[in-house]
Amino acid sequence: MNPEKDFSPLTPNIVRALNDKLYEKRKVAALEIEKLVREFVAQNNSTQIRHVIQILASEFALSQHPHSRKGGLIGLAACSIALGKDSGLYLKELIEPVLTCFNDSDSRLRYYACEALYNIVKVARGAVLPHFNLLFDGLSKLAADPDPNVKSGSELLDRLLKDIVSESNKFDLVAFVPLLRERIYSNNQYARQFIISWIHVLESVPDIHLLDYLPEILDGLFQILGDNSKEIRRMCEVVLGEFLKEIKKSPSSVKFAEMANILVIHCQVADESKVTNDLIQLTAMTWMREFIQLAGRAVLPYSSGILTAVLPCLSYDERKKNTKEAASACNSSLMKLVTPEDDDDGGGEGDGQQEEETSGSAESPSEDDRGDGPDSSREAPGFSNISFFAPAGADRTPVALDLDGIVQVLDRHLRDGSTGMMTRIAVLKWLYHLYIKTPRKMFRHTDGLFPMLLKTLSDESDEVILKDLEVLAEIASSPAGQTEGPDGPDAGPDPRPAPAGGGQSSSPSTPSMNSYFYKFMINLLKRFSVERKLLESRGAFIIRQLCLLLHAENIFHSMADILLKEEDLKFASTMVQTLNTILLTSAELFQLRNQLKDLRTGESRALFCCLYRSWCHNPVATVSLCFLAQNYRHAYDLIQKFGGLEVTVDFLMEVDKLVQLVESPIFTYLRLQLLDVESNPYLIKALYGLLMLLPQSQAFQLLSNRLRCVPNPELMRAAHGAESRRPPDAHVDYTDLLRHFDRVQGKHLEVRHRRAAELPDRKLV
């Protein structure tokens with residue numbers, strides 16, 4: 001510093017003392033400056049006051065010499081003390097040089113700067129609020145200062161400033177939020193602690209409505225919630241909890257749409273190895289649950305984003321039980337919001353919450369601007385091309401259901417091989433719910449969903465298959481499927497000939513079903529044909545459940561129609577055997593069995609003839625069908641033809657199973673009819689025919705023992721001229737049925753001979 005320079009009105013003694021290395025001498029100089037400034041205040045000489053402040057700032061506080069900087073800081077503090085309530089007129093000049101010293105490399109000088117600013121703020125009180133951003137910026141740097149003394153001093157200043165803000169009603173929140181939004185993303189632990197403490201203070205001040213700007217800082221709060229420090233996480237949890245309480249108190253002023261996308265992102269765990277991510281996810285899911293309950297149908301335009309976040313959480317194990325429960329609550333609440341009114345193209349009025357979209361600022365949107373969610377640069381993993389919480393078009397009202405987006409999310413989760421079982425079940429429940437509530441709109445997506453729904457029948461979980469069958473059954477039976485008149489599911493080319501009835505898209509025998517029913521049956525049988533393991537392990541289970549969900553007669557009638565034209569005869573025989581076993585053993589088929597026991601109605605006769613023509617693919621199954629329908633004479637005629645068939649081991653095993661069935665509760669009536677030999681001679685002859693087919697096995701002994709129980713066997717000698725218990729049915733041409741049986745078995749024989757010729761080493765038994 002130039003000793004010859006004029007520093008008036010500061011005296012040479014003051015200047016010399018300010019530059020001294022001893023603190024006591026600088027303090028004496030500060031007292032002299034305070035006395036001098038008080039005189040200027042009394043004289044109302046603002047020019048001299050500004051001159052003194054300017055000298056202390058430029059020549060001392062901003063000097064290259066460290067002792068001069070220390071002197072300048074204490075001198076500026078002395079000026080502020082002398083000015084008292086008038087210090088507000090000179091705050092810019094007083095504060096800026098002190099804040100510059102916050103960046104000094106000397107920790108002691110940073111401490112003195114903190115001390116000086118404390119004195120300035122303490123005197124000015126509320127007058128410092130117009131300069132709050134400058135003070136906050138400086139303090140945020142000191143909060144992370146490595147020197148403990150500097151940190152201690154900054155904490156004192158921080159508490160003072162918080163007291164001033166809490167007491168004042170003139171805090172400029174609009175000017176402060178951009179700075180807060182910037183600094184909230186700091187990764188420094190101490191800076192985060194500083195930020196979260198200030199948010200807590202501002203949120204607790206009644207006159208400061210920080211909730212209005214929550215969308216701008218919510219993402220940063222969730223970032224802080226993942227801090228490694230337990231104390232910082234606890235502070236952040238408290239702040240988020242207070243915000244949520246305030247949201248519940250005044251939901252009408254909350255900008256749900258602008259924050260929902262943030263919640264979607266944080267509901268998804270990017271790194272499951274971090275324990276803190278569990279806390280973030282649980283908190284976000286809890287917020288999401290409250291948002292859905294508070295906003296109601298207003299969240300429907302954003303439902304695809306919610307489902308993207310919620311569905312994976314439904315498969316969590318007990319380690320994340322709370323998150324799973326919150327996700328389940330979100331899922332249930334959202335599903336309840338979908339009503340039949342969403343099937344209307346005109347959009348729903350909802351619960352009176354329809355709002356007009358506005359074109360407000362992206363940074364500070366109005367309260368009613370809930371239709372335009374923020375465009376986040378962060379994308380959910382695996383679903384990057386879905387726009388979460390943003391309506392598909394500008395003309396869509398906020399309460400319009402985002403059905404296209406929902407179906408897209410559901411379809412992706414169903415296709416994803418890593419999707420958990422509970423998530424798959426939830427997806428199928430959603431599809432079923434949508435087909436119930438919005439069938440007309442959902443059938444526009446059916447062609448795209450249908451192949452995946454069929455593939456899901458191969459799922460390893462029975463519960464998933466049950467839900468999948470419910471969806472498929474609803475598709476096949478919904479009236480909306482008939483009115484839409486679609487071209488049918490895109491499940492690949494169908495090698496089977498068109499069903500009887502001129503190639504119509506629905507079976508003429510199933511008028512209660514829509515156009516998708518027959519396509520469903522065709523594709524189901526095609527899947528059984530391609531995946532024989534599926535037929536073996538789940539075929540009976542699937543068909544039995546379909547008989548519960550849809551009319552059993554429809555299922556069997558349509559499958560018989562299709563199998564009648566089946567080109568793969570081995571599959572047709574296997575499928576008929578499966579259907580026959582289900583028909584004869586399943587409790588779900590009780591009514592259908594009763595219908596076939598009495599062929600006095602046109603419907604029952606038509607059903608019998610339809611099944612018979614397909615059952616001819618399997619001779620033993622055909623005989624059992626005749627037993628069920630009490631057509632014992634025809635059964636006897638069929639057994640007589642067995643002598644012209646190639647009797648293989650598989651054939652004998654099927655006869656063995658039929659004998660076992662004769663002994664089962666299903667055929668109790670048949671065994672009782674053996675008591676009336678005179679009325680049922682062909683039943684006895686048919687059973688004897690089976691007995692003659694069997695080798696002397698356990699089944700042979702079983703049937704032989706049964707026939708020995710028949711009373712008066714000598715009466716069987718007159719059986720040739722006797723009539724059956726049931727009078728001949730003039731409406732059923734059994735001669736034609738026998739000719740059909742011969743034709744079908746002839747085809748099977750040709751196929752076996754052709755296979756035998758192609759594989760000469762294999763021998764038929």
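The values are calculated or read from the model by the stated rules, or taken from the named source; none is laboratory data. Because the structure is a prediction, the values reported are computed rather than measured. Please note: Cβ atoms are built from the backbone with ideal geometry, for glycine as well, and neighbour counts cover all protein chains shown. When the accessible area is computed, the model is the full protein with side chains, heavy atoms only, and any ligands, DNA or RNA have been set aside. Shrake-Rupley method; radii C 1.70, N 1.55, O 1.52, S 1.80 Å.
Things worth noting here:
- GLN577 touching a helix residue (DSSP H, G or I) at 6+ places or on another chain (Cβ under 6 Å), over 25 Å from PRO695 (Cβ atoms) and assigned to a helix (DSSP H, G or I): no
- Subset tally (residues that are open to solvent by 10 Å² or more (accessible area, probe 1.4 Å) and under 24 Å from PRO146 (Cα atoms)) for segment 192-225: 5
- Selection from segment 16-50 of residues that are among the β-branched types (Val, Ile, Thr) and open to solvent by less than 40 Å² (accessible area, probe 1.4 Å): ILE33, VAL37, ILE49
- In segment 407-431, the residues that are farther than 14 Å from LEU472 by Cα and open to solvent by less than 10 Å² (accessible area, probe 1.4 Å) reach residues that are of a type in the set (Gly, Ala, Ser) and in a helix (DSSP H, G or I) with C-beta atoms within less than 6 angstrom, at least six apart or across chains, in these pairs: VAL409/SER304; THR423/SER315.
- Scanning segment 675-692 for residues that are modelled with pLDDT under 90, surrounded by fewer than 17 Cβ atoms within 10 Å (Cβ to Cβ) and either in contact with a helix residue (DSSP H, G or I) (Cβ under 7 Å, 6 or more places away or on another chain) or not acidic (Asp, Glu) (or both) yields LEU675, GLU678, SER679.
- Residue that is closer than 28 Å to ALA191 by Cβ and out of contact with any strand residue (DSSP E or B) (no Cβ under 6 Å at 6 or more places or on another chain), where the choices are LEU56, LEU91: LEU91
- Among the candidates ALA635, ALA606, residue that is modelled with pLDDT of 90 or more, surrounded by 24 or more Cβ atoms within 10 Å (Cβ to Cβ) and part of a helix (DSSP H, G or I): ALA635
- Any hit, segment 2-15, residues being surrounded by fewer than 16 Cβ atoms within 10 Å (Cβ to Cβ), among the small types (Gly, Ala, Ser) and closer than 23 Å to ARG108 by Cα: no
- Of all residues in segment 156-181 being part of a helix (DSSP H, G or I) and among the acidic types (Asp, Glu), the one that is least open to solvent (accessible area, probe 1.4 Å): ASP158
- Subset of segment 440-482 [acidic (Asp, Glu), surrounded by fewer than 17 Cβ atoms within 10 Å (Cβ to Cβ) and in contact with a helix residue (DSSP H, G or I) (Cβ under 9 Å, 6 or more places away or on another chain)]: GLU460, ASP462, GLU463
- There is no residue in segment 301-310 that is out of contact with any Cys (no Cβ under 9 Å at 6 or more places or on another chain), open to solvent by 10 Å² or more (accessible area, probe 1.4 Å) and in a helix (DSSP H, G or I).
- Identity of the residue in segment 578-600, in contact with a Phe, Trp or Tyr (Cβ under 8 Å, 6 or more places away or on another chain) and at pLDDT below 90, that ends up most open to solvent (accessible area, probe 1.4 Å): LYS597
- Residues in segment 558-583 that are aliphatic (A, V, I, L, M) and within 41 Å of the chain's Cα centre (by Cα): MET559, ALA560, ILE562, LEU563, ALA572, MET575, VAL576, LEU579, ILE582, LEU583.
- Test for ALA144: is it open to solvent by 10 Å² or more (accessible area, probe 1.4 Å) and outside any helix (DSSP H, G or I): yes
- When residues in segment 638-656 are screened for being under 15 Å from GLN577 (Cβ atoms), out of contact with any helix residue (DSSP H, G or I) (no Cβ under 6 Å at 6 or more places or on another chain), outside any loop (DSSP other than H, G, I, E, B) and of a type outside the set (A, V, I, L, M), 2 of them pass.
- GLU536 vs. criteria open to solvent by 20 Å² or more (accessible area, probe 1.4 Å), assigned to a helix (DSSP H, G or I) and modelled with pLDDT under 95: yes
- Cβ-Cβ distances below 9 Å connect the following pairs, each with a first residue in segment 92-113 that is within 14 Å of ALA124 (Cβ to Cβ), a second residue that is among the hydroxyl-bearing types (Ser, Thr, Tyr) and open to solvent by less than 20 Å² (accessible area, probe 1.4 Å), and a separation of six or more residues or different chains: LEU94/SER80; LEU94/SER87.
- Residues of segment 311-341 satisfying the condition of being open to solvent by 50 Å² or more (accessible area, probe 1.4 Å) and either of a type in the set (Lys, Arg) or touching a residue at least 24 places away in the same chain (Cβ under 8 Å) (or both): PRO312, ARG319, LYS321, ASN322, LYS324, LYS336, PRO340
- Every pair of residues 6+ apart whose Cβ atoms lie under 6 Å, when the first sits in segment 226-245 and is more than 16 Å from GLN189 (Cβ to Cβ) and in a helix (DSSP H, G or I) while the second is modelled with pLDDT under 95 and charged (D, E, K, R): GLU242/GLU203
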